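Report on the structure given below.
Please treat every number below as a calculation from the coordinates, not as lab data. The model shown is predicted, which means the values in this text are computed figures rather than measured ones. In this analysis, Cβ positions are derived from the backbone assuming ideal geometry, glycine residues included, and neighbour counts consider all displayed protein chains.
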Amino acid sequence: MILDTLNYLLRFLLLIFFQIAIINNIDLSTYVNPYIYIVFILSLPYNTKPWVVLVLSLLIGMTMDSFSSLPGPHIAATVLMGYSRRFYIMFSTNKDDQNAPIKPSISTKGPVGYLIYVFVLVFIHHFMLFFLEAFSFNQFFSTIARIFFSTLFTVLLIIMGQLLFYKIAKK
Amino acid sequence: MKNLVFFIYKYFVFFMFLAFEFFALIVLFRFNNYQQASFLNYTSSTSSTIFNTINSTTGYFNLKTLNDSLQLENARLRTQSLQSYYQNGITKTEINDTLFKQQYIYIAAQVVNNSISKRNNFITIDKGTLHGVKRFDGVICPNGVVGIVWQVTPYYSLVQSVLNSKSSTGAKIKKTGDIGSITWDGSNSLFAQLSKVNTYVPVAVGDEVVSTAQSASYPEEIPIGKIVKIDRNPEKNDYDITILIHTPFSRLKNVYVVRNLFKESQQSAETKALEEEAKK
């Protein structure tokens, strides 16, 4: 139990560090802003209590917000994603799996299932985040483009990370 | 009562979700209307320390380019200094305090945190009220304008970058002296838009766009960019001009905060004129 908590704490810190020190400094285009820290919430086991997911979403959102100049968007987006996750899992997995400590990953959900899972939730997160960040519906389509391309990149990075760590875990 | 407790228990997670979202939105609205205390006050101590650590590590990578740009600037300043002018005839350089009064002071600062790819970009710099920075001071770098100081704390300031939907920088076309305003449409961090330039003004691709002292935030003639594209706006009888920004926002490191010592008197004169206009 303590080991698990430590494991999650370490993962939390590493993801935040990776996000602010590396990912945020890659300037591909104004349309591509990947946010991979949310993989922390995505990879929580199915049977994590919903309120724990929400509190963790709040915490990681707050941490991200404290590194940006405007607070709020990351909290709102991550909490929304954490809340939607429950419904997606209810919809996509059977009852037995929902109550088992299985982590969503390529090996447990299958490549396609995992891809859709990540895509849907990342899209929800980015949709909320980019609209709150723009704070207006002016240039609606440019915000939509931003959401779309950033979602693609975030998903790509998450899948790449999964493949990398999945391989290591198999050995 | 029992039913109520049961109801809350059943939808506990939903209520928690609502509470968290409500919290996020309140925080967002509160800080988005910048009148409130700056968010920077709450986070600067920890997050800035971390950003400082990251910067001091990554700072080595572009030392060479930085040195080059600073050297170029030094060369330019040396050319402007009094010693580099040949004095014709009898020397008459009397320093007269009533003729020369210092208007601008420059405070050197380092960029601590910077973003260019969001819709509203801000830059955190490591100088604050203790170093003499005030709100709405201009910030420039050796290559051109950077933005306006938006929030100040004792040790750090938050700068609203030119790459921000809310920023509007007064600018003029160097060749003709005509005034316009620089905004950013959010699509590319290399280009900004110059608007409000009337169609009778003879603009051409390649013209330099520089700052104007009318806004009281920047000194006169700080470079901003170069015109790369001119479109006519048929509805408003003015041009939609695209400019290539000179400031390298993606690798911004050394900046100067410009404190205009006459700003308060300029602004009080302007408000007085407005008040008198209103009385009539």
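In chain B, the DSSP-assigned H stretches of four residues or longer account for a calculated mean residue ellipticity at 222 nm of -10000 deg cm²/dmol, using -39500 (n - 2.57) per stretch and the full residue count as denominator.
Each Cα pair of chain B feeds into the Kirkwood radius, which the Stokes-Einstein equation turns, at 37 °C and 0.692 mPa s, into a diffusion coefficient of 150 µm²/s. Each residue, B:Lys134 and B:Phe6, gets one label point 7 Å from its Cα in the Cβ direction; the gap between the two is 6.6 nm. Ordered by the count of other Cβ atoms within 10 Å of each Cβ, fewest first, B:Lys172, B:Lys2 give B:Lys2, B:Lys172. With neighbour counts taken as other beta-carbon atoms within 10 Å, the residues A:Phe87, B:Phe12 rank, fewest first, as A:Phe87, B:Phe12. Segment A:136-160 and segment B:153-209 have Cα centres spaced 27 Å apart. If only the Cβ of Lys and Arg carry +1 and only the Cβ of Asp and Glu carry -1, the dipole of chain A around its Cα centre is close to 480 debye. Under 15 Å from a point 7 Å along the Cα-to-Cβ line of B:Glu270: which residues of segment B:174-189 have their amide N that close? Label zone hits: B:179-182. The B:Phe61 and A:Asn94 beta-carbon pair, evaluated with R₀ = 56 Å, returns a calculated FRET efficiency of approximately 0.65. Here B:Lys101 is the anchor, and the lysines within straight C-alpha reach of less than 26 Å, apart from those fewer than 8 places off in the same chain, are B:Lys92, B:Lys127, B:Lys134, B:Lys172, B:Lys174, B:Lys263, B:Lys272.
The distance linking segment B:58-75 with segment A:1-75 is 35 Å (Cα centroid to Cα centroid, whole angstrom). Straight Cα distances below 28 angstrom link A:Lys109 to the lysines A:Lys49, A:Lys95, A:Lys167, A:Lys170, A:Lys171, with same-chain residues fewer than 8 positions distant left out. Calculated FRET efficiency, A:Ile26 to B:Ala108, Cβ-Cβ distance, R0 = 35 Å: about 0.80 to the nearest 0.05. Round to a whole angstrom and tell me the spacing of the C-alpha centers of segment B:240-280 and segment B:4-34. The two parts, judged by their Cα centres, are 40 Å apart. Taking every Cα-Cα distance in the protein assembly as shown and sorting them into 20 Å bins starting at zero, the pair-distance distribution P(r) comes out as 21, 48, 24, 6, 1, 0 percent.
By other beta-carbon atoms within 10 Å, ranking B:Tyr106, A:Tyr31 with the fewest at the front produces B:Tyr106, A:Tyr31.
With the simple model of a label 7 Å out from the Cα in the direction of the Cβ, A:Leu13 to B:Lys279 spans 6.5 nm. A Cβ-based charge dipole, computed about the Cα centre of the protein assembly as shown with Lys and Arg at +1 and Asp and Glu at -1, lands at about 1100 debye.
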